[in-house]
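S.K.: One structure follows; several queries about it will come next.
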Amino acid sequence: PTGMGYRVSGAPPAPTPVPRLVECVPNFSEGRRPEVIAEIRDAIAAIDGATVLDVSSDASHNRSVITFVARVDRAVDAAFAAIQTAARLIDLTRHQGEHPRLGATDVVPFVPLSAWGTTMEDCIALARELGERVGRELEIPVYLYERAATRPDRENLADVRRGEFEGL
């Protein structure tokens with residue numbers, strides 16, 4: 001018995017496991033057609049375990065950035081859904097804009113959220129898993145850069161983008 005008028009018995013409940021989360025900030029070569037941007041955003045949001053935080057578009061650069069967080073085990077699925085949608089809706093042979101780009105989806109950075117249990121090593125693994133899946137399933141060339149690069153000449157994003165889409 002306690003002095004508060006109730007009895008406490010048994011073990012405390014087990015703590016609920018906190019999901020490991022990662023942030024992802026993919027950039028798409030579309031900033032002028034809101035319906036296309038909305039479809040890409042919706043593809044991400046449709047993945048259970050992923051939440052879109054922000055959508056930012058710039059018409060002069062013809063570019064959009066969609067920021068989302070996802071459970072580590074669903075982050076690749078969410079990014080893949082966005083890439084697949086962008087590849088279907090964005091034609092770079094007709095694209096014009098100020099920002100250098102290589103694809104309908106230009107970059108897909110994963111950002112560790114240490115407060116949610118993710119590390120840079122997790123992000124590198126996610127980038128490599130996503131790149132392998134995009135290449136295999138969508139047959140789109142993938143260039144890993146910065147810490148995820150598998151070759152030293154691909155570490156600097158400006159070097160990877162040199163020549164842009166037309167140079168490929």
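S.K.: Hey, residue 68 hits all of (1) aromatic (Phe, Trp, Tyr); (2) open to solvent by 50 Å² or more (accessible area, probe 1.4 Å); (3) modelled with pLDDT of 95 or more but one; which does it fall short on?
M.R.: If we test residue 68 against (1) aromatic (Phe, Trp, Tyr); (2) open to solvent by 50 Å² or more (accessible area, probe 1.4 Å); (3) modelled with pLDDT of 95 or more, just (2) comes out false.
S.K.: Next question, about the same structure. When the residues of segment 106-123 are filtered to those that are open to solvent by less than 30 Å² (accessible area, probe 1.4 Å) and farther than 16 Å from residue 70 by Cβ, which remaining residue is modelled with the lowest pLDDT?
M.R.: Among those residues, the one meeting the criterion is 106.
S.K.: Here is a follow-up. Find the residue count for segment 21-56, including only residues that are more than 14 Å from the chain's Cα centre (by Cα) and crowded, with 18+ Cβ neighbours inside 10 Å.
M.R.: Qualifying residue count, segment 21-56: 5.
S.K.: Kindly indicate the residue of segment 7-58 that is modelled with pLDDT of 95 or more and among the polar types (S, T, N, Q) and also farthest from residue 114 (Cα to Cα) among those meeting that condition.
M.R.: Among residues in segment 7-58 that are modelled with pLDDT of 95 or more and among the polar types (S, T, N, Q), the one farthest from residue 114 (Cα to Cα) is 57.
S.K.: If a residue must be of a type in the set (D, E, K, R) and over 15 Å from residue 109 (Cα atoms), how many such residues does segment 75-88 contain?
M.R.: Of the residues in segment 75-88, 1 are of a type in the set (D, E, K, R) and over 15 Å from residue 109 (Cα atoms).
S.K.: Have a look at 154, 94 and point out the one that is among the charged types (D, E, K, R), over 20 Å from residue 41 (Cβ atoms), modelled with pLDDT under 85 and out of contact with any helix residue (DSSP H, G or I) (no Cβ under 8 Å at 6 or more places or on another chain).
M.R.: Step by step, each of 154, 94 is checked, and only 94 is among the charged types (D, E, K, R), over 20 Å from residue 41 (Cβ atoms), modelled with pLDDT under 85 and out of contact with any helix residue (DSSP H, G or I) (no Cβ under 8 Å at 6 or more places or on another chain).
S.K.: Taking segment 56-71 only, how many residues are of a type in the set (A, V, I, L, M) and over 12 Å from residue 30 (Cα atoms)?
M.R.: Here the count works out to 2.
S.K.: Please enumerate the residues belonging to segment 129-154 that are outside any loop (DSSP other than H, G, I, E, B), basic (Lys, Arg) and open to solvent by 100 Å² or more (accessible area, probe 1.4 Å).
M.R.: Passing the criteria: 136, 147.
S.K.: May I ask you to list the residues in segment 71-91 that are at pLDDT below 95 and surrounded by fewer than 19 Cβ atoms within 10 Å (Cβ to Cβ)?
M.R.: Passing the criteria: only 91.
The values are calculated or read from the model by the stated rules, or taken from the named source; none is laboratory data. Just so you know, these numbers come straight off a predicted model, no measurement behind them. FYI the Cβ positions are ideal-geometry reconstructions off the backbone, even for glycines, and counts take in every protein chain you see. Heavy atoms of the whole protein, side chains included, go into the accessibility calculation; ligands, DNA and RNA do not. Shrake-Rupley method; radii C 1.70, N 1.55, O 1.52, S 1.80 Å.
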